[in-house]
Amino acid sequence: MAEGTLTDYIRKIVAKAEPYLPQVPKPKRKIPLQQKLLWCGACVVIYMVMGQTPLFGATAPEFDFLAFARVIFASQQGSLVELGIGPIVTAGLLMQLLRGSDILKFDFKRPEERGIFQTATKMLTYFVIVIESAVYGWAVYGPNISEPSVLGILVGQLMAASIIVMFMDELIQKGWGLGSGISLFIAC
């Protein structure tokens, strides 16, 4: 592989950043079905509570321009899960598109390459969360907020809630639960 490609830069960035990224560890032993169901249930309860918790400082706009996509993104207008699974899906799609178009060259037959790709996707998810939270907070709720500090708190709530959703998805995917957290949140 040629030195200096985008894939090499991503490998270097991931190698430096990975020790500092919080991650959900894989279970050390096989988790019984009942315990997996409990973890899934706990994540669903947390997600549903977040879906009923209103954003501080938010006044719902008259028109919900994303109403058609609320089920797909597992989101609830005016709540902590306003962004739903959007940032996770967006980052995953971007990485898959870059890999599928051979801009990023990762060999998924090698476990270490898959790990680098997954960590890079997680890092991109953090970036997408920050961007989506800021843009969404400013564009949707910003016009109705006169105090900049309230807008900052609102954007912070969107970021924190999206990071919690990302960790719950990772928890379920790493083997503590069944299947995918994204699918579970959409089903709920």
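General observations
- If only residues of segment 18-39 that are assigned to a helix (DSSP H, G or I) and in contact with a helix residue (DSSP H, G or I) (Cβ under 6 Å, 6 or more places away or on another chain) are counted, the one that is surrounded by the most Cβ atoms within 10 Å (Cβ to Cβ) is 39.
- Qualifying residue in segment 46-55 (condition: of a type outside the set (Asp, Glu) and within 28 Å of residue 18 (Cα to Cα)): yes
- Checked against the criteria, residue 137 counts as open to solvent by less than 70 Å² (accessible area, probe 1.4 Å) and without any contact (Cβ under 8 Å) to a residue 24 or more places away in the chain.
- The listed residues are 121, 90, and the only one of them that is in a helix (DSSP H, G or I), touching a residue at least 40 places away in the same chain (Cβ under 8 Å), closer than 25 Å to residue 16 by Cβ and of a type in the set (Ser, Thr, Tyr) turns out to be 90.
- Hey, residue 71 open to solvent by 80 Å² or more (accessible area, probe 1.4 Å), assigned to a helix (DSSP H, G or I) and in contact with a helix residue (DSSP H, G or I) (Cβ under 9 Å, 6 or more places away or on another chain) or not: yes
- Residue match in segment 44-57 (condition: without any contact (Cβ under 8 Å) to a residue 24 or more places away in the chain and surrounded by 11 or more Cβ atoms within 10 Å (Cβ to Cβ)): yes
- Remark: pairs (first residue in segment 159-182, open to solvent by 30 Å² or more (accessible area, probe 1.4 Å); second residue in a helix (DSSP H, G or I) and basic (Lys, Arg); Cβ separation under 8 Å; 6+ apart in sequence or on different chains) = 176/36; 178/36.
- Being within 12 Å of the chain's Cα centre (by Cα), open to solvent by 40 Å² or more (accessible area, probe 1.4 Å) and either touching a residue at least 24 places away in the same chain (Cβ under 8 Å) or under 20 Å from residue 92 (Cβ atoms) (or both) is a condition met by no residue of segment 145-153.
- Restricting segment 167-178 to residues that are touching a Phe, Trp or Tyr at 6+ places or on another chain (Cβ under 8 Å) and among the hydrophobic types (A, V, I, L, M, F, W, C), the residue that is farthest from residue 78 (Cα to Cα): 176
- Of the residues making up segment 84-119, those that are under 20 Å from residue 160 (Cα atoms) and surrounded by fewer than 20 Cβ atoms within 10 Å (Cβ to Cβ) are 89, 90, 92, 119.
- The listed residue being in contact with a helix residue (DSSP H, G or I) (Cβ under 9 Å, 6 or more places away or on another chain), farther than 30 Å from residue 56 by Cβ and hydroxyl-bearing (Ser, Thr, Tyr), out of 125, 119: 119
- Qualifying residue in segment 120-130 (condition: within 26 Å of residue 187 (Cβ to Cβ), surrounded by 18 or more Cβ atoms within 10 Å (Cβ to Cβ), among the polar types (S, T, N, Q) and modelled with pLDDT under 95): no
The values are calculated or read from the model by the stated rules, or taken from the named source; none is laboratory data. From a predicted model like this one, the values you see are computed outputs, not experimental measurements. Cβ atoms come from the backbone with ideal geometry, glycine included; neighbour counts cover every protein chain shown. Ligands, DNA and RNA are excluded from the accessible area calculation, which covers all protein heavy atoms including side chains. Shrake-Rupley method; radii C 1.70, N 1.55, O 1.52, S 1.80 Å.
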